Number of protein chains: 2
Amino acid sequence: MSVTAAKGFKASGIAAGIKESGGADLALVVNEGPSLAAAGVFTANRVKAAPVLWSEQVLRGGQVSAVVLNSGGANACTGPLGFQDTHATAEKVADTLGLSAGEVAVCSTGLIGVRLPMDKLIPGVGTAAAELSRHGGEKAAIAIRTTDTVHKTAVVSGDGWTIGGMAKGAGMLAPGLATMLVVLTTDADLGPGALDTALRAATRTTFDRVDSDGCMSTNDTVLLLASGASGVSPSTEDFTAALEAVCADLSRQLIGDAEGASKDIKVEVVGAASEQDAVEVGRSIARNNLLKCAIHGEDPNWGRVLSAIGTTSAAFDPDRLNVAINGVWVCKNGSVGEDREKVDMRFREVVVTADLAEGPHCAVIWTNDLTADYVHENSAYSS
Amino acid sequence: MSVTAAKGFKASGIAAGIKESGGADLALVVNEGPSLAAAGVFTANRVKAAPVLWSEQVLRGGQVSAVVLNSGGANACTGPLGFQDTHATAEKVADTLGLSAGEVAVCSTGLIGVRLPMDKLIPGVGTAAAELSRHGGEKAAIAIRTTDTVHKTAVVSGDGWTIGGMAKGAGMLAPGLATMLVVLTTDADLGPGALDTALRAATRTTFDRVDSDGCMSTNDTVLLLASGASGVSPSTEDFTAALEAVCADLSRQLIGDAEGASKDIKVEVVGAASEQDAVEVGRSIARNNLLKCAIHGEDPNWGRVLSAIGTTSAAFDPDRLNVAINGVWVCKNGSVGEDREKVDMRFREVVVTADLAEGPHCAVIWTNDLTADYVHENSAYSS
């Protein structure tokens with residue numbers, strides 16, 4: 001049900017001809033209200049795609065009536081003309097649906113540095129508008145895929161209200177958001193301020209801690225639209241917890257579909273002096289190419305974990321570090337621990353636990369292994 | 001001639017049986033004086049191998065009479081017993097050659113987290129001492145190899161004095177030194193202070209700017225020994241320039257032999273507001289797995305360069321960035337530039353130039369592409 005699980009939303013997904021493959025490449029999500037409250041978080045990359053620059057402006061108003069999303073082109077590094085293309089897309093949606101362009105968010109994903117084929121995209125908006133449906137959530141989720149092998153959706157229900165969402169992303173997954181587009185919708189009745197607080201809290205521990213390949217995208221966008229159609233205003237706590245559950249579910253799906261990966265790696269950092277230390281160490285481990293190769297080879301090479309920890313500024317004593325791989329403490333007190341032969345790494349999920357032995361704080365970062373397939377997918381053609 | 005090019009040095013390289021392959025794995029370099037002045041720089045990794053902790057202490061005295069180096073085991077993350085092994089190795093060298101153990105530096109390289117086979121290493125020291133020769137430089141360079149496919153040496157001559165050196169390193173090449181051991185020798189007559197200044201200046205722009213795979217080692221060591229046997233004391237300027245030339249030569253050899261690489265990538269950052277900005281941007285580009293894959297595929301994917309620049313804190317305006325690949329300015333003013341079809345990437349060396357258009361500063365970082373062979377070398381067995 002994805003973005004149409006909550007009351008007050010329609011969606012569609014169609015093939016506009018933007019992708020040469022002829023696959024679905026244009027999605028529309030419309031909030032029919034009564035409320036148009038919205039919040040958004042965007043890539044921390046300082047090189048931002050045109051649709052990010054546009055949607056950041058839209059979100060400043062705290063109201064979003066529609067989101068138009070295309071795959072098949074990122075519209076990033078396309079200069080002022082690229083920004084005009086985004087603007088024209090929003091205007092076309094607004095004209096077609098009788099909305100204000102200033103309340104239409106735009107998302108794009110695909111190759112950087114190429115203009116969008118506007119001669120296909122603009123007519124596509126008309127087709128997508130004609131297809132809008134209370135049951136269009138799945139089609140929208142399918143249309144935003146790039147190298148995704150599956151579409152990703154999640155739904156959580158509260159007491160009389162619902163949050164649903166869709167995500168796309170398969171490569172360039174890194175902090176400050178993965179290369180991903182996410183649209184979350186809810187029929188809870190909450191204002192833009194409450195939505196913003198909840199969204200920032202939920203993404204901080206989910207999408208922001210997915211780091212497939214250390215590369216941060218120019219297009220990452222997570223939008224949250226609230227129709228208020230349930231007439232229920234949940235507490236911030238309840239709503240944030242449900243939103244975090246949806247975001248965690250979608251994040252896990254992103255990691256599970258990362259380009260060329262054969263392992264999903266949960267890097268748990270425990271015993272840290274601060275959460276910031278735990279995150280810094282987790283990211284350093286998650287980005288260590290040598291460790292990612294070792295895990296691909298099912299080799300519990302804990303020396304590479306210590307080597308990665310050693311590059312951080314976190315509080316730790318090298319002689320007190322402990323590392324477990326899939327629950328076997330192969331490194332104790334900075335040196336050889338339990339027999340590494342005991343580690344079973346046959347399954348797709350691998351858990352690397354690093355204990356800094358300094359305090360009570362912890363964090364989890366999700367990453368993938370580094371494989372020949374990843375190299376192939378990212379070297380054989382432009383993406 | 002490597003470490004025996006300069007007057008006053010003997011060296012040897014032998015097979016002590018540390019490596020299961022039976023290959024050469026133990027090297028000895030001895031300074032016969034008259035001066036024993038020395039300087040050293042070590043890994044910035046906070047998890048340091050036992051030989052690094054030992055040699056840092058030795059170098060504090062500013063005098064080194066001998067260096068013993070082994071491949072086949074890093075003696076890192078081996079706890080107090082590992083440190084005792086290093087100490088015992090230095091003692092054995094001192095006993096055998098009639099030196100003080102406090103003036104014997106130790107270097108190790110190989111797998112982390114495994115104790116050295118001291119029953120083979122200690123007798124090996126005796127054999128290596130017996131083989132010491134004025135012509136042993138090449139054998140020493142061969143004995144320190146791990147996954148290196150070639151041994152690396154360089155020599156530069158000044159006015160009556162010489163600097164020679166040897167290096168090993170093929171993977172885990174990253175800043176704060178690559179995974180490498182380097183011994184440089186000179187017959188120039190300079191004190192420890194002058195050597196230290198020259199060594200730090202030379203490594204800052206050479207070994208510190210080699211970043212093959214973003215992974216920083218626990219064992220990196222660069223030692224500079226001066227015998228004074230030429231009787232000549234060159235100016236700091238002349239000596240530093242010559243030392244930098246030797247270090248640059250060895251650095252380039254390291255990149256050229258990086259594990260599984262098919263391209264050597266020179267990342268030039270120009271137009272930066274400060275050298276620090278240039279280095280930060282260069283490292284970010286050099287570590288971008290997606291770009292490294294694209295270059296492997298001979299795809300001039302400049303969007304990935306901009307995406308990498310965007311993750312830094314350097315001064316730049318996204319709309320003024322320019323990027324050239326092998327001299328073709330494929331990105332101008334943050335957008336599409338010259339025809340990417342003009343870029344010829346058939347050769348092993350690829351030059352990526354990023355112009356931040358902010359100031360006069362620049363820096364060069366060397367890296368490699370990311371290949372299926374890199375994944376294979378680092379996943380198929382522990383290393």
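Quick notes
- Single condition B:Gly8 does not satisfy, out of (1) touching a helix residue (DSSP H, G or I) at 6+ places or on another chain (Cβ under 9 Å); (2) in contact (Cβ under 8 Å) with a residue 40 or more places away in the chain; (3) more than 14 Å from chain A (Cβ to nearest Cβ): (1)
Table: residues versus (1) of a type outside the set (Phe, Trp, Tyr); (2) touching a helix residue (DSSP H, G or I) at 6+ places or on another chain (Cβ under 7 Å); (3) open to solvent by 10 Å² or more (accessible area, probe 1.4 Å); (4) at pLDDT below 95.
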residue	(1), (2), (3), (4)
A:Gly82	yes, yes, no, no
A:Asp85	yes, yes, yes, no
A:Glu91	yes, yes, yes, no
A:Val106	yes, yes, no, no
A:Gly124	yes, no, no, no
A:Glu138	yes, yes, yes, no
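- Meets criteria (crowded, with 24+ Cβ neighbours inside 10 Å, within 21 Å of A:Met1 (Cβ to Cβ) and in contact with a strand residue (DSSP E or B) (Cβ under 6 Å, 6 or more places away or on another chain)) for A:Val52: no
- When region A:285-303 is limited to residues that are facing chain B (nearest Cβ under 7 Å) and part of a helix (DSSP H, G or I), the one that is most open to solvent (accessible area, probe 1.4 Å) turns out to be A:His296.
- Complete set of residues in region A:304-318 that are more than 8 Å from chain B (Cβ to nearest Cβ) and not hydroxyl-bearing (Ser, Thr, Tyr): A:Val305, A:Ala314, A:Ala315, A:Asp317
- Candidate set from region B:109-120 (those that are in contact with a helix residue (DSSP H, G or I) (Cβ under 6 Å, 6 or more places away or on another chain) and at pLDDT 95 or above); member that is most open to solvent (accessible area, probe 1.4 Å): B:Met118
- Residue match in region B:142-156 (condition: within 14 Å of another protein chain (Cβ to nearest Cβ) and under 30 Å from B:Ile285 (Cα atoms)): yes
- Of all residues in region B:257-284, those that are over 26 Å from B:Asp339 (Cβ atoms) and not in a helix (DSSP H, G or I) total 8.
- Condition check for A:Asn288: within 27 Å of B:Ser212 (Cβ to Cβ), polar (S, T, N, Q), free of Cβ contacts under 8 Å to residues at least 12 places away in the same chain and not assigned by TED's automatic domain parsing to the domain that holds A:Cys215: no
- Considering residues of region B:98-142 that are over 21 Å from B:Gly169 (Cβ atoms) and polar (S, T, N, Q) only, the residue nearest to the chain's Cα centre (by Cα): B:Ser133
- Tally, over region B:339-353, of residues that are open to solvent by 60 Å² or more (accessible area, probe 1.4 Å) and either facing chain A (nearest Cβ under 8 Å) or more than 30 Å from the chain's Cα centre (by Cα) (or both): 4
- Considering region B:354-383, and only residues there that are open to solvent by less than 20 Å² (accessible area, probe 1.4 Å) and assigned to a strand (DSSP E or B), the residue that is farthest from the other protein chains (Cβ to nearest Cβ) turns out to be B:Ala363.
- Of all residues in region A:321-338 being small (Gly, Ala, Ser) and over 32 Å from the mean Cα position of the chain (by Cα), the one that is nearest to the other protein chains (Cβ to nearest Cβ): A:Ser335
- Selection of first residues in region A:46-61 that are within 14 Å of chain B (Cβ to nearest Cβ) and of second residues that are of a type in the set (A, V, I, L, M, F, W, C) and surrounded by 24 or more Cβ atoms within 10 Å (Cβ to Cβ), restricted to Cβ pairs under 6 Å at least 6 apart or on distinct chains, gives the following pairs, ordered by first then second residue: A:Val47/B:Leu306; A:Ala49/A:Ala74; A:Ala49/A:Ala76.
- The residues listed here are B:Asp208, B:Asp213, B:Asp238; of these, the one that is at pLDDT below 95 and open to solvent by 30 Å² or more (accessible area, probe 1.4 Å) is B:Asp208.
- Of everything in region A:241-274 that is closer than 30 Å to A:Pro192 by Cα and over 15 Å from the mean Cα position of the chain (by Cα), the residue that is surrounded by the most Cβ atoms within 10 Å (Cβ to Cβ) is A:Ala242.
- Listed by first and then second residue, the pairs with beta-carbon distance under 9 Å, at least 6 apart or on different chains, first residue in region B:222-250 and in the same structural domain as B:Thr43 (by TED's automatic domain parsing), second part of a strand (DSSP E or B) and open to solvent by 50 Å² or more (accessible area, probe 1.4 Å), are B:Ala242/B:Ser157; B:Val246/B:Val155; B:Asp249/B:Val155.
The values are calculated or read from the model by the stated rules, or taken from the named source; none is laboratory data. Only a predicted model underlies this, so the values are computations on that prediction, with no experimental measurement involved. Ideal geometry is used to build each Cβ from the backbone, glycine not excepted, and the neighbour counts take in all protein chains shown. The protein model used for the area step is the full one, side chains on, heavy atoms only, and it has no ligands, DNA or RNA in it. Shrake-Rupley method; radii C 1.70, N 1.55, O 1.52, S 1.80 Å.
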